[in-house]
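Undergrad: Structure below; questions to follow.
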Amino acid sequence: MRPRILLVALADWFGPTRLPRALREAGFEVGVLADPDGLLAQSSHIEYRFALSAGLVRLGVLRPVLRTILEFQPRIVVPCDEAAVHLLQNLANAWDGARGPGGQLRVPMPPLVREILLRSLGEARSFAARSSRPLARKLAATLGIAAPPSAPVPYLQVAEAFARDHGWPVVLTREGRTGGDRVRVCADQAELHAAYSDLTQPEDVPHWLGRAVRYPLWSVLTGFHLAGDLTRPLQDGPLLAIEAHVPGRPATYTVVAYDGRALAGIAAVAEVVHPPGTGASTVVRLVNDRTMADTSRKLVGRLGFTGFGGIDFVRDEASNKLWFLKFNARPTPLSHLGRLAGGDLCTALLAAVTNAFPVPQRATKETTVALFPQDWMRDPNAANRGADHVDLPVDDDRLFNRLKAMLPRTA
């Protein structure tokens, strides 16, 4: 019997959409718990489909999540976005029942569900560090890993003081977002004020107003809205952070791990990013990079991490110094490219969960990859992507057509 794996998605993000095929080809039985109309659910390589409403989960309706894990009994559960990471971590920590902000009653956690989640996520004591840039930086420092100076930002004056002390430019970041939408590079005080406003108002003000309305409703509808919002970090602390800007080329290491042991990884540097400066990579170069691999292995070990993850770096090309930026406790858009890079991440995970002999990893043959739909969002009509490999899901018409529908329309 093939081991079962369950992918959980609360955000409509293209990053994990290619993972079901790679997992199925590796030998997993693939289940997906997500919105049936969402991007991840469009893959034709899913064998078990379970419907989920992200909106109801944020209101505290957890029964579909708990029931699916209990009945499907996957060997491992994989959160596919930031909200899913927080949800599964909070459920794994809910020893006396699950309840988040706004919750009226604790939802009992079946012991088997908690056992599956703890096995799937790894060391629970490191959950907070995985989701917080400042905490991850502190952990990296204990391992001798270089990271730019940084600080949490509870209010604007803290960011202004940091910029005075460290000089311009500075980088303002927002937890809980993905890609360039969470990062702003600020060259002066005016840009810092604009970035602070941009990264706080769109979510915090409506969220505060929404809570003023929803909390009384939760009190009235206790029998339905039970647990509150478990898709947000429960630890105290500001969602904004500021750091010194370090020049260089963005780089990433996509890793799969089991119980703190890095099994396989893909090192890549960005050739093209969109939007320029702080955006997500659209064309990457897969490389052999011992420093990135060793650094990532140390971080995975200290975190006791299990699952698919990604570690963000910046490499100063003048000095060749590698700076650690962030740990992402979820699959990255490169997770399915293992075979192209020299080692299949999904096959390595299968070997770990079944106690099989690990599959040897080949040295990466340097190659460039144009990512779909990322590079098509940058330029839908480019005649030449400037890459050796164009990563189109041509074998999956339903997913391919849905992703094409996201591209900007051209005249």
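Undergrad: Taking the residues in the range 313-322 that are out of contact with any Leu (no Cβ under 9 Å at 6 or more places or on another chain) and within 15 Å of ALA267 (Cβ to Cβ) as candidates, determine which candidate is surrounded by the most Cβ atoms within 10 Å (Cβ to Cβ).
TA: LEU322
Undergrad: How about the range 9-34: which of its residues are free of Cβ contacts under 8 Å to residues at least 40 places away in the same chain, outside any helix (DSSP H, G or I) and more than 16 Å from the chain's Cα centre (by Cα)?
TA: GLU29, VAL30, VAL32, LEU33 - these are the residues of the range 9-34 that are free of Cβ contacts under 8 Å to residues at least 40 places away in the same chain, outside any helix (DSSP H, G or I) and more than 16 Å from the chain's Cα centre (by Cα).
Undergrad: Within the range 257-288, how many residues turn out to be touching a helix residue (DSSP H, G or I) at 6+ places or on another chain (Cβ under 9 Å) and among the acidic types (Asp, Glu)?
TA: 1
Yes or no, residue by residue, for (1) surrounded by 24 or more Cβ atoms within 10 Å (Cβ to Cβ); (2) in a strand (DSSP E or B); (3) on the phi < 0 side of the Ramachandran plot:
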| residue | (1), (2), (3) |
| --- | --- |
| ARG297 | no, no, yes |
| ILE311 | yes, yes, yes |
| LEU340 | no, no, yes |
| LEU349 | yes, no, yes |
| ALA356 | no, no, yes |
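Undergrad: When you go through (1) over 25 Å from ARG362 (Cβ atoms); (2) among the polar types (S, T, N, Q); (3) part of a loop (DSSP other than H, G, I, E, B) one by one for THR282, which number turns out not to apply?
TA: The number of the failed condition is (3).
Undergrad: Follow-up. Is there a residue being touching a strand residue (DSSP E or B) at 6+ places or on another chain (Cβ under 8 Å) and either part of a helix (DSSP H, G or I) or hydrophobic (A, V, I, L, M, F, W, C) (or both) anywhere in the range 380-391?
TA: Among the residues of the range 380-391, at least one is touching a strand residue (DSSP E or B) at 6+ places or on another chain (Cβ under 8 Å) and either part of a helix (DSSP H, G or I) or hydrophobic (A, V, I, L, M, F, W, C) (or both), which makes the answer yes.
Undergrad: Of everything in the range 360-400, what is in contact (Cβ under 8 Å) with a residue 24 or more places away in the chain, among the aliphatic types (A, V, I, L, M) and surrounded by 15 or more Cβ atoms within 10 Å (Cβ to Cβ)? Give them in sequence order.
TA: Selection gives VAL369, ALA370, LEU371, MET377, ALA387, LEU399.
Undergrad: Considering only residues that are modelled with pLDDT of 90 or more and touching a Gly at 6+ places or on another chain (Cβ under 9 Å), which ones fall in the range 349-366?
TA: Result: LEU349, LEU350, THR354.
Undergrad: Could you say which residue among LEU121, LEU91 is in contact with a Ser or Thr (Cβ under 9 Å, 6 or more places away or on another chain) and at negative phi?
TA: Unique residue meeting the criteria: LEU121.
Undergrad: Still on this model: Being at pLDDT 85 or above and among the polar types (S, T, N, Q) is the filter; apply it to the range 171-214 and report the residue that is surrounded by the most Cβ atoms within 10 Å (Cβ to Cβ).
TA: Here the residue is THR173.
Undergrad: So which residues in the range 115-172 are among the polar types (S, T, N, Q), under 20 Å from the mean Cα position of the chain (by Cα) and closer than 28 Å to ASP188 by Cβ?
TA: SER132
Undergrad: May I pose another question? Working carefully through the options LEU139, LEU135, find the one that is among the aliphatic types (A, V, I, L, M) and under 26 Å from ALA11 (Cα atoms).
TA: LEU135
Undergrad: Please go through the range 46-65 and pick out each residue that is of a type outside the set (S, T, N, Q) and surrounded by fewer than 18 Cβ atoms within 10 Å (Cβ to Cβ).
TA: The answer is GLU47, TYR48, ARG49, ALA51, GLY55, LEU56, VAL61, ARG63, PRO64.
Undergrad: Within the group ARG137, ARG119, ARG125, which residue is assigned to a helix (DSSP H, G or I), charged (D, E, K, R) and in contact with a Gly (Cβ under 8 Å, 6 or more places away or on another chain)?
TA: The conditions single out ARG125.
Undergrad: Quick one: in the range 156-170, of everything that is touching a helix residue (DSSP H, G or I) at 6+ places or on another chain (Cβ under 9 Å) and under 23 Å from ARG232 (Cβ atoms), which residue is surrounded by the most Cβ atoms within 10 Å (Cβ to Cβ)?
TA: Per the criteria, the residue is ALA159.
Undergrad: If a residue has to be assigned to a strand (DSSP E or B), in contact with a helix residue (DSSP H, G or I) (Cβ under 6 Å, 6 or more places away or on another chain) and farther than 21 Å from VAL170 by Cβ to count, how many in the range 226-256 make the cut?
TA: 4
Undergrad: Kindly evaluate LEU39 against the criterion of being touching a residue at least 12 places away in the same chain (Cβ under 8 Å) and under 16 Å from GLY307 (Cβ atoms).
TA: no
The values are calculated or read from the model by the stated rules, or taken from the named source; none is laboratory data. As the structure is a computational prediction, the values presented were derived from the model and not from experiment. Positions of Cβ are generated from backbone atoms using ideal geometry, with glycine treated the same way; all protein chains shown enter the neighbour counts.
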